[in-house]
1. The conditions are (1) touching a residue at least 60 places away in the same chain (Cβ under 8 Å); (2) within 14 Å of chain A (Cβ to nearest Cβ); (3) outside any strand (DSSP E or B), and B:Glu16 fails exactly one of them. Which is it?
2. Quick one: count up the residues across segment A:12-40 that are surrounded by 14 or more Cβ atoms within 10 Å (Cβ to Cβ) and under 29 Å from B:Gln2 (Cα atoms).
3. Before we move on, is B:Lys69 over 17 Å from B:Leu113 (Cβ atoms), within 12 Å of chain A (Cβ to nearest Cβ) and of a type in the set (Lys, Arg)?
4. Listed residues B:Gln42, B:Gln2, B:Gln38; which is more than 17 Å from B:Ser101 (Cβ to Cβ), within 13 Å of chain A (Cβ to nearest Cβ) and more than 13 Å from the chain's Cα centre (by Cα)?
5. Among the numbered criteria (1) crowded, with 20+ Cβ neighbours inside 10 Å; (2) modelled with pLDDT of 95 or more; (3) outside any strand (DSSP E or B); (4) facing chain A (nearest Cβ under 9 Å), which single criterion is violated by B:Ala92?
6. May I ask you to list the residues in segment A:41-53 that are open to solvent by 90 Å² or more (accessible area, probe 1.4 Å) and either within 11 Å of chain B (Cβ to nearest Cβ) or among the β-branched types (Val, Ile, Thr) (or both)?
7. Being within 11 Å of chain B (Cβ to nearest Cβ), of a type in the set (Ser, Thr, Tyr), in contact with a strand residue (DSSP E or B) (Cβ under 9 Å, 6 or more places away or on another chain) and in contact (Cβ under 8 Å) with a residue 40 or more places away in the chain is the requirement here; does A:Thr110 meet it?
Amino acid sequence: EAGVTQSPTHLIKTRGQQATLRCSPISGHTSVYWYQQALGLGLQFLLWYDEGEERNRGNFPPRFSGRQFPNYSSELNVNALELEDSALYLCASSLITRAGTDTQYFGPGTRLTVL
Amino acid sequence: AQSVTQLDSQVPVFEEAPVELRCNYSSSVSVYLFWYVQYPNQGLQLLLKYLSGSTLVESINGFEAEFNKSQTSFHLRKPSVHISDTAEYFCAVSSNAGGTSYGKLTFGQGTILTVHP
């Protein structure tokens with residue numbers, strides 16, 4: 001069974017540009033989560049989508065946004081890139097039977113570098 | 001709100017020695033606990049989890065963790081480590097409470113385990 005996949009593996013942008021990161025969940029999973037892993041800041045929750053709806057959002061500015069498509073894949077968009085957005089962005093997926101108990105499985109991540 | 005503290009940022013050990021990676025959590029509601037492992041330049045892999053039932057949980061590669069509600073801890077142990085266990089380990093907590101904690105994993109800062117020959 002294929003795991004969570006993310007693309008691209010690496011992404012290099014300059015300040016002020018927009019970045020789009022993509023994630024495909026494990027087959028049968030309806031929930032997708034995004035996390036940022038920045039140097040010195042640890043793993044921070046960004047967004048949670050389930051059945052096409054945003055269910056929860058972390059403490060990030062509105063220029064971080066995303067969506068979930070009918071096939072449950074997801075995009076994370078980061079507008080007006082800043083140097084501190086450089087990080088590994090991890091996507092995870094899960095089934096939802098009862099929120100909180102469902103195990104999240106992670107993809108390999110997209111390394112975003114902002115110059 | 002929930003939080004996780006991993007008490008050691010780095011743990012060096014020799015091969016075949018036992019190891020314990022410490023994790024404490026704080027939450028006002030019932031929690032579910034996880035350990036993930038991250039190898040260099042890779043994503044997170046689930047190592048083991050506690051959802052309910054037996055407080056001692058085991059992974060297929062010899063790690064185990066014990067949920068201690070009174071001490072709010074979920075320490076990870078392995079009786080004999082291998083070079084291949086060298087990685088960063090993250091403790092995480094989730095809950096089924098609503099609000100800002102809804103659905104998300106809250107991670108500790110990570111512990112880098114380095115196994116020396």
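The values are calculated or read from the model by the stated rules, or taken from the named source; none is laboratory data. None of the values given here were measured: they were computed from a predicted structure. When we count neighbours, we look across all protein chains shown, and the Cβ atoms used for this are built from the backbone with ideal geometry, even at glycine. The area values use the complete protein model at the heavy-atom level, side chains included, leaving out ligands, DNA and RNA. Shrake-Rupley method; radii C 1.70, N 1.55, O 1.52, S 1.80 Å.
1. Result: B:Glu16 passes all but (2).
2. So the answer is 16.
3. no
4. B:Gln42
5. Every condition holds for B:Ala92 apart from (3).
6. A:Leu41, the sole residue that qualifies.
7. Yes; evaluated as a whole, the condition is true for this residue.
Okay, residues lined up against (1) out of contact with any strand residue (DSSP E or B) (no Cβ under 9 Å at 6 or more places or on another chain); (2) not small (Gly, Ala, Ser):
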| site | (1), (2) |
| --- | --- |
| B:Leu51 | no, yes |
| B:Val57 | no, yes |
| B:Gly62 | no, no |
| B:Ser70 | yes, no |
| B:Lys78 | no, yes |
| B:Val81 | no, yes |
| B:Ala87 | no, no |
| B:Asn96 | no, yes |
